[in-house]
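Colleague: Can you keep this structure in mind? I'll have questions shortly.
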Amino acid sequence: MRKAIKARIAVFVSGGGSNLQALIDQSGKTLKSGVITLVVADRPCSARERARNAGIPFAEIQRGPDFEEKALAILQERKIDLVILAGFLSILSAEFVSVYKDRIINIHPSLIPAFAGPGYYGLRVHRAALKRGVQITGATVHIVNEIPDGGPIILQKAVAVRKHDTPETLQLRVLKEAEWVILPKAAEMVSKAIVKGEPTWK
Ligand code: GAR
């Protein structure tokens, strides 16, 4: 029997890699149409261990002026179809994005357009949400374009803010209830579209 064709996925990381882990854990389950064939980090980070434990090739390319050139070379060498930014903290240039047009997705820990754009990443997002007093927050997966956090939205999931939340407790609940749920789902939606030769978003 002919093996099913799958989209080849590279996951870009900068930190703990819990979203990478969610993708690994859902491989062959929620994520059926794509396979993670590469993990790229832009700094030393513990996501490396997660890639190693899953037997996925890992490349560390230090952030800096030649990051994109080196990353593009390895993406092309590995015939990558889809790039997933999973806690990746560098901003990619318009030139880089244009090479993988509509084939880069990002997970952001808020309901975009709230608390998004330059300066909003990691705990800062949750600090800003608590400071503003929002009662509902959540996570968003979107297509990456040349505007930071500004591309078309693929999936969102809401999470209730609790009275005694700290940025840390809120961050963990948004990860568990929203990010680890919607990222594998969105990865599957986009991988499936790529395999079928259809647009990755409508
Ligand atoms: C996640 O909450 C992710 O949404 C966020 O960083 C965290 C990484 O956690 N990303 C951003 O803020 C990007 N703007 P992880 O390394 O455990 O997946």
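Throughout, read-outs are computed from the coordinates displayed, never taken from laboratory work. The structure displayed is predicted, hence computed values, not measured ones. All Cβ positions, even for glycine, are placed from backbone atoms using ideal geometry, and neighbour counts span all protein chains on display.
Colleague: Given the convex hull of the Cα atoms of region 84-132, what is a quarter of its surface area in nm²?
Modeller: Convex hull of Cα atoms, orientation-averaged projection: 3.6 nm².
Colleague: Working from the alpha-carbon coordinates of region 97-190, get Rg over Rh, Rh being the Kirkwood radius.
Modeller: Ratio of gyration radius to Kirkwood radius for region 97-190: 0.98.
Colleague: Please pull out the direction-averaged projected area of region 43-149, using the convex hull of its alpha-carbon atoms, in nm² to one decimal place.
Modeller: 7.5 nm²
Colleague: Between region 178-202 and region 60-109, what is the separation of their alpha carbon centroids in Å?
Modeller: 17 Å
Colleague: Compute, for the chain, the length of the dipole vector about the Cα centre, with Cβ point charges of +1 (Lys, Arg) and -1 (Asp, Glu) only. Units Debye, rounded to 20.
Modeller: Taking the Cα centre of the chain as origin, the dipole is about 700 debye.
Colleague: Can you give the Rg and Dmax of region 1-80 based on its C-alpha atoms, in angstrom?
Modeller: Cα radius of gyration and Dmax of region 1-80 are 13.1, 46 Å respectively.
Colleague: To the nearest µm²/s, what D does Stokes-Einstein give for the chain at 37 °C and 0.692 mPa s, using the Kirkwood radius over alpha carbon pairs as Rh?
Modeller: 193 µm²/s
Colleague: With θ set to phi - 60°, apply the Karplus curve 6.51 cos²θ - 1.76 cosθ + 1.60 along region 62-76 and write out the HN-Hα couplings as whole Hz, x wherever there is a Gly or Pro.
Modeller: 4, 4, x, x, 9, 4, 5, 4, 5, 5, 4, 4, 6, 5, 6
Colleague: Further question: What does DSSP give for the chain in terms of the percent of beta bridges that are antiparallel, rounded to the nearest 5?
Modeller: Percentage antiparallel, nearest 5: 40.
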